[in-house]
Amino acid sequence: MQRNGHKLFHASLPGTAPNNDRWLERKARVVDLFGHSSFYVGTSFREKGTTFEAESRLDPDLYAAHGGVFPVIVRGTGPVGTVGVSGLPQAEDHAFVVTQLESFLNSRDAQ
């Protein structure tokens, strides 16, 4: 989880590597720039019949529109950071974060 580029929480589980961190950074840059999940951004380009890499003209070493990172938006404030995961195929990374965010939000509603 990041807030304005500052890592607030990071965990590396067995089977991960430094490359996962680089993927997270690249996906988080996409979220910061476009204000949507990294999966949404990549999917929106594919639905237009193109790719993020070809159409955005952004450096692929710095930006990756692959699933797994979401904006953290505070009602009345706007975007304040990102939360993400890397290590699974992109649709699974995306689904994992969705599940975790839903669980967190549901637990807060139950209080």
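Contact map, the range 7-18: first residue over 23 Å from Val72 (Cα atoms), second residue among the polar types (S, T, N, Q), Cβ cut-off under 6 Å, separation 6 or more or different chains; the map is empty. Given the criteria of a type in the set (S, T, N, Q) and closer than 18 Å to Pro89 by Cα, does Thr43 qualify? Yes. All conditions in (1) over 16 Å from Arg3 (Cα atoms); (2) in contact with a strand residue (DSSP E or B) (Cβ under 8 Å, 6 or more places away or on another chain) hold for Pro71, with the sole exception of (1). Of His6, His36, His66, all but one fail to be crowded, with 20+ Cβ neighbours inside 10 Å and not polar (S, T, N, Q); the exception is His66.
Just so you know, all these numbers are worked out from the coordinates, no wet-lab data involved. The model shown is predicted, which means the values in this text are computed figures rather than measured ones. Reconstructed Cβ throughout: ideal geometry from the backbone, glycine too, with neighbour counts over all protein chains shown.
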